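The values are calculated or read from the model by the stated rules, or taken from the named source; none is laboratory data. Note that the structure is a prediction, hence the values are computed from the model and not measured. Note that each Cβ is placed from the backbone with ideal geometry, even for glycine, and that neighbours are counted across all protein chains shown.
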Amino acid sequence: MKIFGIIGNPVEHSLSPVMHNSAFKYLNIDAVYFKFKVDLRRLKDAILGADSLGFGGLNVTVPFKEEAIKYTIPDTLAEEIGAINTIKFGRTVEGFNTDAVGAVMALKEVTDIKDSNVLILGAGGAARAVAYALSSQSKKVFIANRTFKKGFDLAKKVGGEPIKLDEIPNIIKSVDIVINTTTVGLNEDRSLLYHKDLHKDMVVFDLVYSPVKTRLLREAEIAGAKTLNGIKMLLYQGAASFEVWTGIKAPLDLMEEAIYHEIS
Ligand code: ATR
């Protein structure tokens, strides 16, 4: 039996085990997927240990996406992004990023990215993937991060425009898509933006999916904006990880059903 898992901190909220275990079972793949909360100082041990123990692969989540790349041989996309969310163990430890494709697929279901101005909240591992993918597909990308320097560096890298969090009101009228990649709202009733900061002609997308309807999405509804929760992103990035590990097309409908069954 092959062991897979997700490493992060916090990780208790993760729905990845339910999603992947349902797919393994459905396809009769002899594998199991667990969640592992990893101490912030033990990331390297965790990855090398999983490799030594013969694990099949790992997903990587908050706050390890950028650091974890150091312990892998990343593919071209992951290297360009500078962050990974998927590791495959074999003769070597390979790193991949499926967040970029996951975010784009989720967004394309609800809006046209091509002519949009996008505001990305955050500049961490998930933000890097989203910013990388959207900067080449949208009209303009603004990046607003609590630590301005980090947002500035990311914006410079992808050809976007860095702004301070308190400058958001100055540009919000021109924004068509807001994407929260920060952990604000994860298992808490907080948001970086409230309804007065948003408007009805936009899509508000939260990568946080615990709770499914975050405070940001509730505020977006009050503003009359279209909302997109993090479940589709979870699904599409997960399906891409599954395909990296198994080489088999992921059973998307079944995985989505498993997620919603677990939530309910
Ligand atoms: P991930 O790998 O999932 O992207 P991360 O790399 O830890 O996670 O990134 C977390 C993001 O959430 C960062 O952009 C962080 O901002 P800083 O760069 O200033 O740390 C942002 N973040 C976390 N807590 C925040 C808070 N209370 N207010 C604003 N931003 C916050």
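Every listed requirement among (1) within 16 Å of the ligand (Cβ to nearest atom); (2) surrounded by 19 or more Cβ atoms within 10 Å (Cβ to Cβ) is met by Ala225 save one, (1). Checking every residue in segment 73-87 against the condition of being touching a residue at least 12 places away in the same chain (Cβ under 8 Å), surrounded by fewer than 20 Cβ atoms within 10 Å (Cβ to Cβ), aliphatic (A, V, I, L, M) and not assigned by TED's automatic domain parsing to the domain that holds Leu207 gives at least one match.
With respect to being within 16 Å of the chain's Cα centre (by Cα) and not assigned by TED's automatic domain parsing to the domain that holds Tyr209, Pro63 fits the description. Counted as qualifying within segment 1-74 are the strands (runs of 3 or more DSSP E) with 1 or more residues that are of a type in the set (Ser, Thr, Tyr) and touching a strand residue (DSSP E or B) at 6+ places or on another chain (Cβ under 9 Å), namely 31-37. Of the strands (runs of 3 or more DSSP E) that lie entirely inside segment 150-216, those containing 1 or more residues that are touching a residue at least 24 places away in the same chain (Cβ under 8 Å) and of a type in the set (Asp, Glu) span 203-206.
Any residue in segment 7-25 that is assigned by TED's automatic domain parsing to the domain that holds Gly57 and more than 16 Å from Glu256 (Cα to Cα) sitting within a Cβ distance under 6 Å of a residue that is at pLDDT 95 or above and among the aromatic types (Phe, Trp, Tyr)? List the pairs, counting only those 6 or more apart or interchain. These pairs meet every condition: Ile7/Phe36. Within segment 149-175, track down each residue that is among the β-branched types (Val, Ile, Thr) and within 14 Å of the ligand (Cβ to nearest atom). Once the filter is applied, which keeps residues that are among the β-branched types (Val, Ile, Thr) and within 14 Å of the ligand (Cβ to nearest atom), segment 149-175 yields Ile163, Ile168.
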